[in-house]
Amino acid sequence: MTIETFKQELNQRLHVLNEKERTEIISEYVDHITMKMEDGKSEEEAIADFGNIDDLCKEILESYHVNTEYSKAKKTFDEYVSDFAEWISSTAEKVTQMNQKDLVKLILEFLALIVILFILSGVINLIGNMIYSFFGFLPYMFRNPIYTIINIIVGLFNAIFVLYVLYVFFSKKFESNEGSPLRRNSKEKVVYVNKPIEKSMNPSFVEVPKTTKDFSLDISPVFHLLGKIIGILILIPMGLVTLGLIVVFGIIGSLYIGHAMILGPVIILLGCMIIAIAVTSSFGSFIFRKKEKEVKMHEETLD
Amino acid sequence: MSVQLKKGVLELIVLLIISKKDRYGYELVSEVSKVIDVNEGTMYPLLKRLTNDKYLETYLQESTEGPSRKYYRLSVLGIEYRDTLLNEWMEFSKSVNNFIEREQNDDNRNI
């Protein structure tokens, strides 16, 4: 076993501990191994001296008073479900904690992503059709089942692709800065894991490679541009809707004087108007924010 | 030496070694190995447990060679714990030794 695989094994098996604790433990073991290697032992030997890695991890977890039977057992279906529920709730929590601008940005990026996915799925469908056309020489009777099979494969491929991209998108959005939300929640299950660690220890920590996947290509500018285009496309009809609502509100309001029964529609309209104005203004502020900044900076430099 | 027997004594030995001088992990493991044959894998969890139970404190110190090292030192609680363990061990070993001696004397007399 090499140091890298040893680190990975430990990281994986100690997943119930929080990230800080894990990096601390792993860095200590790695230090030990390197010191042993300096004393003339080989990497293999130094790691083998720790004995069986299962026993080792069991003992580490026991020192945190973690029930090792729990962590050793494979995850059951129930646990997957509860993990997923936790993920959803923590994601929802993060969304509610976001400020307005971030939220709008997220929505626009999401819309841009959907547009990109739509275009890509069109490409995938096209490839499927091309494959189908290769079988054009066959009589209809044979062509039909092949067409069905290709359709199913393309559909499955599309679905998996879309789900994967969405997963990457959301995990990048919500997990990259604070580690996995599952991990944060799992701290509550474990006694003693939460103990604060002295901050001074941080510098020596060995960086453990992050498990969250990043886009290999940085396509955020594309997202940004597409987001803005979609934003403008939404902004124009929203602005018109707002205008229309105000006009209708004015008309109904003038009729209201004589007819008390119209009170309901007036309240609904008022609500619609407030929502429309809020959405329009937030989208507008998102789209024009940068320009304003640039203008301001320009003014400052002029001064 | 059986594992269970070793585990009980290991804590005491570790506390005694650290009470003389602050030690970092690797140094401590090699010191303990001089006294009893110990699996290195069990040492760090033990240190972790003693730290979690507040008997030990840790701090980082720069070293001339390589990265800074994590040193262990005894807390006030640890000093008390060490003394209790030491007393327990003394009494325990004394009574066991006395017992063994008596048994052997009996055996000798019977022969």
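What accessible surface, in Å², does a 1.4 Å probe find on B:Tyr72, ignoring ligands, DNA and RNA and rounding to the nearest 10?
Accessible surface of B:Tyr72 is approximately 0 Å².
If you take the beta carbon distance between A:Glu62 and A:Ile119 as r and set R0 to 41 Å, what does 1/(1 + (r/R0)^6) give as a FRET efficiency, to the nearest 0.05? Show your work: numbers first, answer last.
Details: r = 53 Å, r/R0 = 1.30.
Computed FRET efficiency for A:Glu62 and A:Ile119 comes out at 0.15.
Please say if the stretch B:1-45 is rounded, prolate or oblate, where rounded means a/c under 1.5 for a ≥ b ≥ c the square roots of the C-alpha gyration tensor eigenvalues, and otherwise the choice is prolate for a/b larger than b/c and oblate otherwise? Walk me through the numbers on the way to the answer.
Values: a/c = 1.92, a/b = 1.50, b/c = 1.28.
Cα axes put the stretch B:1-45 in the prolate bin.
How many nm is it between the label spots at B:Met90 and A:Tyr140, if each spot is 7 Å from the Cα in line with the beta carbon?
Spacing of the two 7 Å Cα→Cβ label points: 10.3 nm.
Classify the stretch B:1-86 from the C-alpha gyration tensor, please: rounded if a/c falls under 1.5, else prolate or oblate depending on whether a/b exceeds b/c. List each step's numbers first, then the result.
Details: a/c = 1.94, a/b = 1.25, b/c = 1.55.
Here the stretch B:1-86 falls in the oblate category.
How large, in percent, is the carbon and sulfur part of the accessible surface of the stretch B:1-103 at a probe radius of 1.4 Å? Display every interim value, and only then the final one.
Values: 3180 of 5900 Å².
Its accessible area is 54 percent carbon and sulfur atoms.
Taking amide H positions as placed in the peptide plane 1.01 Å from N, state which residues far from B:Tyr24 in sequence (5 or more) or on other chains have amide H under 5 Å from it.
Placed amide hydrogens put B:Tyr72 under 5 Å from B:Tyr24.
I'd like the accessible area for A:Leu156: 1.4 Å probe, protein heavy atoms, all chains in place, Å² to the nearest 10.
Solvent-accessible area, nearest 10 Å²: 100 Å².
Rounded, prolate or oblate: which fits the stretch A:1-128, taking a ≥ b ≥ c as square roots of the Cα gyration tensor eigenvalues, rounded meaning a/c under 1.5, else prolate when a/b beats b/c? Display every interim value, and only then the final one.
Details: a/c = 2.42, a/b = 1.94, b/c = 1.25.
Since a/c reaches 1.5 and a/b is larger than b/c, the shape of the stretch A:1-128 is classed as prolate.
With the cut-off at 20 Å, tell me which of the pairs A:Lys58/B:Lys7; A:Lys105/A:Lys173; B:Lys6/B:Lys48; A:Lys20/A:Lys101; A:Lys105/A:Lys228; A:Lys36/B:Lys70 have Cα atoms farther apart than that.
Values: A:Lys58/B:Lys7 15 Å; A:Lys105/A:Lys173 11 Å; B:Lys6/B:Lys48 18 Å; A:Lys20/A:Lys101 31 Å; A:Lys105/A:Lys228 9 Å; A:Lys36/B:Lys70 16 Å.
Over 20 Å Cα-Cα: A:Lys20/A:Lys101.
Compute the distance in nm between two label points, each set 7 Å from the Cα along the Cα-to-Cβ direction, one at B:Asp106 and one at A:Thr96.
In this crude spin-label approximation the distance works out to 7.3 nm.
In Å², nearest 100, what accessible area do chains A and B bury in total when the solvent probe is 1.4 Å?
On the way: alone 20440 and 7910 Å², together 26160 Å².
Buried surface at the A/B interface: approximately 2200 Å².
Give me the accessible area per residue for chain B, probe 1.4 Å, as a whole number in Å². Kindly include the intermediate steps, with their values, before the conclusion.
Details: 6810 Å² over 111 residues.
With the other protein chains kept in place, chain B gives 61 Å² per residue.
Between A:Glu86 and B:Thr64, what is the spin-label point distance in nm, taking each point 7 Å from the Cα along the Cα→C-beta axis?
4.8 nm
The values are calculated or read from the model by the stated rules, or taken from the named source; none is laboratory data. Keep in mind that what you see is a predicted model, and the values were worked out from it rather than measured. Don't worry about glycine lacking a Cβ; one is built from the backbone with ideal geometry, like all the others, and counts go over all protein chains shown. Note: accessible area is taken over every heavy atom of the protein model, side chains too, but ligands, DNA and RNA are not part of it. Shrake-Rupley method; radii C 1.70, N 1.55, O 1.52, S 1.80 Å.
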